[in-house]
Structures are given as structure tokens and as C-alpha cells.
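For reference, the structure is listed below as C-alpha cells.
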Protein chains: 2
Amino acid sequence: MALIVQKYGGSSVADAESIKRVAKRIAEAKRAGNDVVVVVSAMGDTTDELIDLAQQITPIPPQREMDILLTAGERISMSLLAMAITNLGVRAKSFTGQQAGVITDAVHGKARIVDVVPTRVRETVEKGQVAIVAGFQGVTQHTNDVTTLGRGGSDTTAVALAAGLSADVCEIYTDVDGVFTADPRIVPSARKIHRVTYEEMLDLAASGAKILALRCVEYARRYAVPLHVRSSFTGRDGTWVADLPPEGEEDMEQPIIAGVAHDASEAKITVVGVPDVPGTAARIFEVVAAADVNIDMIVQNVSAAKTGLTDISFTLPSTDGAKATAALAATQEEIGFESVQYDDQIGKLALVGAGMKSHPGVSAKLFGALRDAGINIEMITTSEIRVSVVTRADQLADAVRAVHTAFGLDGDGEAVVYAGTGR
Amino acid sequence: MALIVQKYGGSSVADAESIKRVAKRIAEAKRAGNDVVVVVSAMGDTTDELIDLAQQITPIPPQREMDILLTAGERISMSLLAMAITNLGVRAKSFTGQQAGVITDAVHGKARIVDVVPTRVRETVEKGQVAIVAGFQGVTQHTNDVTTLGRGGSDTTAVALAAGLSADVCEIYTDVDGVFTADPRIVPSARKIHRVTYEEMLDLAASGAKILALRCVEYARRYAVPLHVRSSFTGRDGTWVADLPPEGEEDMEQPIIAGVAHDASEAKITVVGVPDVPGTAARIFEVVAAADVNIDMIVQNVSAAKTGLTDISFTLPSTDGAKATAALAATQEEIGFESVQYDDQIGKLALVGAGMKSHPGVSAKLFGALRDAGINIEMITTSEIRVSVVTRADQLADAVRAVHTAFGLDGDGEAVVYAGTGR
């Protein structure tokens, strides 16, 4: 008997029929002898419909009111799900974020969980009932105001509850079978990954894998909550995110490479002709930070000896492009650079794997694979378990396929690459 | 400068445009120098849509979950309304029943307010902001569960808040101009009533006037909250429900008759051939009460001396007809009556007026008016300020018109009847 936290996203509870199907799965988990806590998102399009309503009222809704509005969505899905489970003869009770003790800071729209006090959830489980908890929402500690957690919020609620309840596993149900070695839409031969470490999953998420939000994985790592990402449609075993293998399994050798992530949503800014004196780079990134823009990769070219000038390039979300270029242009005279170039036709590829720490040939092999495929590399950054490169946007898919094949990740054909095999 | 509680029903906030219109009215009240607290119902059809969703899940949803589901409706309307007001440059904040301190008992679906602790609402008002509060909902004291107040719930929330805040007036905005001397759909010459006492309004509400729920008026009377029932469309002065005239007005003489209410939703049950011995009537009404049926008028005919048998008639909501007749039929042998007759083709008319206490001729005049109109009276009950009669359903409208005219209530033509004029 285990304590399981299950999280179902909006597509899993899109209508009454889907809710009944999810209820059946929950009832089965309960009848199998487990204690079950469920975190649920708003039904399908509810959130978009509510945002649309707000836009009809005002273009700039106050964020506090926006949070109250949006949390109506989970209120609807969670009560309907509790009804559906009860209808199957399993007792169930639903709880808002506030009732479940999800305490957050007061940053409306993207609040961070500061504490979880799931007293009522625990009581409900101890009575043999299923507790349904609204995802994505919490309440501020002192003012009792309703907050939302922003992107990936429901996943984070599930992980935080699992940590607070010392659950055995947090199951994230989604519409795909798990985490893949690459995006199957781009690489049809991509394989489902059986297990990744928290660190690998963090790098995959940071590099464009959308299946789990960064903050949810960070939370899981901090509290060592084993995640099991799986499909709510098939019931198949999915991907485990954990530093140790799932209970009852031998610890297989960890593969060198976990997967290839890609991201086509970034742009590149190059500040051309920057005076190569101490403090100038710092000043440039101060200006960008003051514009509230998060930057990703940074590359500074070698200074051209004759001119005393250098170029600095960095990537950023292309949605922030206008903001950043405007902020830089306003300081051109002060900093003394020649011009700002903006390029949103780039793509980013990241090869992630904890095993590469002890395999120095990984970067060379990656560059070789891209060269053989005729793909030019524009920027490179590396960390202990990741190599990231920037290419032209229209070559990104080819690059992902070439790298996926070169590292033996394709499902049919080459064998799986494990650390220790010497490859 | 006054503290005003305004309540807007679902038809006043049916869509984004309506919400903006209501926001404008609220902003005007605030800019005129008043402190304003607003209670709002769910938008138009939201509640029906949510009930429909629940029915798709299960025919018998748990009432606790139903309450959580339905309260999503006010969450949406209140946050949108706060956005719309803010957009007009007036600061506004919305509060759930729980945040506004509306404490109820734990009877889900028809909870009663046991206390109102509007600390946050008061703080908001003191900061010069408009507080928007979700109607129809509260929270249980110890378990922090969400409850709904049932029929007339939002009106009751508004009155309870007005009492808790010692507001100067509670304005109930609706889609008509106020309380009328009769239903204008039946009596086109019906006049808007300027003021009724709580007692009169209670009797009007109990007799079929649907504009205010009984419990809301009871609450207002208990805490002496002046109610102002008015249209959210016209902005005209409506009807005051209060024992004293509105501030700044002379106390006009109170009319003998406030108005004529009618109700076509009742049925009549006659228990025929009841043994005329002590305790039998009590037993009959015990049986009906055990079936959870509320009865209204009761008439027991004089015992027929020769047989020792009597007939007992009572009225009840026709929706409870089947339940009550079945319960009685099951006890026929035990109680020893001859038969149960059921008649849902009745109509009820009630003449209400505090002034009739000191005017003994009212009943006689009423009966005379009905006789002159050729209408047969089937049952009569009276209280200090009300005379109720039962007629055939198809004569009810004629009866209302005849009585309305006989007591000089018609708008054009006869003068208004005031107590003290001797009429």
C-alpha cells in the first residue's frame, strides 16, 4: 500500500466523459489498496475562456482579480471529479488550494509556494477517502488572498503536496506516454526514456522540453519526490524522474545521453563594436536585466586587436526581443557600441545526459555530427551534463535528427547507449 | 456620505456589457461620496450551466461538491466586476464569502448565515476602495467548507453584510422598478409602492410576490436594515422596505392596503371523512410534515353532527403534491378517513396591509368585490395584516384585478387610499 499523488491536466478532464474516465482510473488506484490524492487542472479551454471574458472587460485586468477569476476553473473541475468518483462508490472530497493548505507568496499570477500544510487532505486520506485538490492555486499567508502559480502550476502543486504528505510517488498524467529522447514530431524514431535524473530533467526542461515545467522538477529534486510522467489515455508505464530507480527495479547502468531537446522560440541579439574595456559587458547585461528580460546563452567574441572593439551575442525569448533592443538602443551613446543586431531566425539544440560528465568526447562527436549534416554552429555553451548549440532556425529539425542518430538514440536500429559501454 | 450596500442579480451582470454598465453605476455612487459595498450573483445562465455539467456526471451529486461547483459562478462575476470598476479609475477588490466573513451552518445547498465578520470588507472600504462580495455563498465555522445559501441567497448575503457593517441602506437592484401593488403582468394599472413595512413585505413575499425572498426580508427586519428595491436599468427611485420613511422624507400616512399578491403554484389537498376526535388533525399534519412538505393554509369544516366526521383541507406547493398524497394514503387505515382529494387547479390571493389592523371592514369589502366579480371563494385565512383566499385557478387573475380596483389601488383613476382617510 502506497500513498500516491496523481495529477491530471486540462486535456485529461476536458469534458464530462473525460472526467468520468479519469474518475475510473482513480477509483481503480484506490481499490488496489493505495491512498490517493489527486491534483487537477481546469477543464480543457476553461482558462482561455475566462481570460477572454476578462479581455472583454479591460485590456489590463488587475492581477489579484485575474487570479480570483482563473481559480474558478479548478473549482469546477475538482468538484465534478469528486462527484464522478463518488458516483463509482468511492468516497471523495474536493479542496481548494486554500483548504488544502497551499501557502504562497503574494506575487499574483506567478506566486511561489512557501509552505504546504495539508492537514485536511491528510485527514481525508486517513478516513479512507480520496482527496481532490485544485492545482495551480494557493493562498497568501497573512491576507488570505487567492493566488495562482503561473506556468506549470498544477504540476508544482502536485509535487509540493507529494512532498508535504511524504507520498511514495507523484504521478503526472498527460497526453503523451512520457519523456522522449527527442520530440517525436521531429524525430519519429525517438524512444520513451525509462528514467532520467532530476538534473537531466532540469536541463531538458530548461532547453525546450515542454513536458514538465522547470520549477516543478526543481521542487521534486529539492524534496526527492519521485515523479512518474505517464499517459492518462493508455495506462502504460511512463518515464520516472528520480535519482534512484523505481522500487523493485535493479539499478540499470545510466545511459550517457538522456535526450536531445530543442527550442525554436528564442532570438539572438548581437551588440556590435563594443569597447573592450572592463565593465562594458556588465553594463550591457544590467541594461537588459533592468528591462526584465531573461537571457539564456552568452558568447563574447575575441577582441579584434587593432580596433579594441569586440562583439557580444546573447539569446533571449523572442517575445522579449523588442523590449531588449529598445533598452539597448537607448544606451548606445553611453556605452559606446556601434550597433545592435536582432535575429529571430535561430534554433537551439541541447544534448543532455548525466553520463557525459565522464565522457569528454561528447562535444566533439556532437560537432562532428552537425558538420556531417552540413549544419553551421553559431553559438556554443556547455555545462557538466549539457552541450547547447545555436543553428539557423530552418536547420534545427535536421540538426536534432542528426544528433539523435549519432548518439544511438533512435529506437529501431542502433542499440541503446549506456555509460560504461565505452561509446 | 453614507455606507451603501448594493446587490446586483444575475440578469444585471449577464455579460461583459452588463458588467460594465453596473460598474459605471457603482463608480458613480462611489464618486458621489459614498462608501460602497457590492454583493453580486453569478452571471446570467452560469448557475444553470454548472448544474447541467453536474447532471452529466451523476444524477445525485454530493451536496458539498455541488456547493463548491456552484460558487465558481460568483467567483467569475465578482472578479470581472472588480476589473470593470478598476478600469473606470475607482479602486475595487473582490472577496469570496469566506474572505468576507460570511459564516454559515453546515447545511449544504441551503445553509443559514450564523455570523458575519466582515473585517476585510470594512478595511477595504476604509481605504476608500469598493468591496465586491460574492453573494449566495459562505463558509462553515469550524471545517472551512464552502456552502451555498439556497433561494434568495444573494439578497440575504447583501442584507447580512449591511447589518454587519451597520450600512445606511441595502439597495437590491433587479430588473423591475420595485414592489408593485399587484403583478403588473396581471394588473396593468398596478402602481409602484413607495414604501412598505417589513411585516407587509413578509406577508407579500409569503403570499407569492417573488421580488424578495422571505428569509432576506426576515433578516432585514431583525436587524432593521432599510432595503431599497430598484431597477438596475432605469436608476429610478424604487420601493423602500423599512418601518420608518427614508431619511429626509416626512412620514406620510401609511395606506391601509400595501398590495395584492397572488400565487398560482399551490395545490389543495382535502382529507374527506376524518373522525372528529381529538388528535386526528394533529396526526394528519404529522404525516405531512414527516414527508418534508411545507403546508400553507389550513381549513377544517364544521363537523357534520350526525356522522361525527369532518373534512380537513390544506394548501401546499403543487410540486409536493404527489409526496403528500402518497404519505397520507399510506396512513388511511390507521387514521380512519374516507379519502384524499387532490386539486391543483387553485389560485391564492392575498390582500396585505398593516393599516387593516384598525379597519375591520377590509375582509367584508374583499368578499364583496369577489362576489360582484362572480368569483367563488373556496378557503379563507386571515392574519392581523393579511386576508388570503383560495379561488379557482382560472379565476385568479380576474380576482386580483377586482380586488386591486375595489381597494383603490389602480394607478390612474381612483385616488390612493391612505389610513386615516376613513375609507
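The values are calculated or read from the model by the stated rules, or taken from the named source; none is laboratory data. Only a predicted model underlies this, so the values are computations on that prediction, with no experimental measurement involved. No Cβ is skipped: glycine too gets one built from the backbone with ideal geometry, and neighbour counts run over all protein chains shown.
Here is how the numbers come out for the structure above:
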| read-out | value |
| --- | --- |
| Which numbered condition A:D52 misses (of (1) within 26 Å of A:I211 (Cα to Cα); (2) out of contact with any strand residue (DSSP E or B) (no Cβ under 7 Å at 6 or more places or on another chain); (3) crowded, with 19+ Cβ neighbours inside 10 Å; (4) facing another protein chain (nearest Cβ under 10 Å)) | (3) |
| Members of region B:350-394 found to be under 22 Å from the mean Cα position of the chain (by Cα) and of a type outside the set (A, V, I, L, M, F, W, C), listed by number | B:G353, B:G355, B:T381, B:T382, B:S383, B:E384, B:R386, B:S388 |
| In region A:259-282, residue farthest from A:E333 (Cα to Cα) [restricted to those that are charged (D, E, K, R) and modelled with pLDDT of 90 or more] | A:D263 |
| Candidate set from region A:136-159 (those that are touching a helix residue (DSSP H, G or I) at 6+ places or on another chain (Cβ under 6 Å) and β-branched (V, I, T)); member that is surrounded by the most Cβ atoms within 10 Å (Cβ to Cβ) | A:V159 |
| Where a residue in region B:42-55 is in a helix (DSSP H, G or I) and its partner, wherever it lies, is crowded, with 20+ Cβ neighbours inside 10 Å and not hydrophobic (A, V, I, L, M, F, W, C), with Cβ under 7 Å and at least six apart | B:T46/B:G73; B:T47/B:G73; B:L50/B:G73; B:A54/B:P61 |
| Positions within region B:12-30 being surrounded by fewer than 23 Cβ atoms within 10 Å (Cβ to Cβ), part of a helix (DSSP H, G or I) and of a type in the set (G, A, S), in sequence order | B:A16, B:S18, B:A27, B:A29 |
| Single match in A:G89, A:G33 (criterion: out of contact with any Asp or Glu (no Cβ under 9 Å at 6 or more places or on another chain), more than 12 Å from every other protein chain (Cβ to nearest Cβ) and not in a helix (DSSP H, G or I)) | A:G33 |
| Any hit, region A:335-352, residues being more than 17 Å from A:S265 (Cβ to Cβ) and of a type in the set (D, E) | yes |
| Any chance A:G208 is closer than 30 Å to A:E17 by Cα and more than 14 Å from chain B (Cβ to nearest Cβ) | no |
| Criterion violated by B:C216 - all others in (1) closer than 12 Å to B:V39 by Cβ; (2) within 15 Å of the chain's Cα centre (by Cα); (3) assigned by TED's automatic domain parsing to the domain that holds B:E74 satisfied | (3) |
| Matching residues, region B:184-218, being part of a loop (DSSP other than H, G, I, E, B) and β-branched (V, I, T) | B:I186, B:V187, B:I193, B:T197, B:I211 |
| Some residue of region A:93-101 being in contact (Cβ under 8 Å) with a residue 24 or more places away in the chain, more than 10 Å from chain B (Cβ to nearest Cβ) and surrounded by fewer than 20 Cβ atoms within 10 Å (Cβ to Cβ) | no |
| Which listed residue, of B:I335, B:I346, is surrounded by 19 or more Cβ atoms within 10 Å (Cβ to Cβ) and in contact with a helix residue (DSSP H, G or I) (Cβ under 6 Å, 6 or more places away or on another chain) | B:I346 |
| Options B:A106, B:A84, B:A134, B:A111: the member that is within 14 Å of another protein chain (Cβ to nearest Cβ) and over 22 Å from A:G97 (Cα atoms) | B:A84 |
| Strands (runs of 3 or more DSSP E) contained entirely in region B:299-400, each with at least 1 residues that are assigned by TED's automatic domain parsing to the domain that holds B:I284 and at pLDDT below 90 | B:309-317, B:379-383 |
| Conditions (1) in contact with a Phe, Trp or Tyr (Cβ under 8 Å, 6 or more places away or on another chain); (2) crowded, with 24+ Cβ neighbours inside 10 Å; number of the one not met by B:G9 | (2) |
| Any hit, region B:66-73, residues being at the interface with chain A (Cβ under 8 Å from one of its Cβ atoms) and under 27 Å from B:K127 (Cβ atoms) | yes |
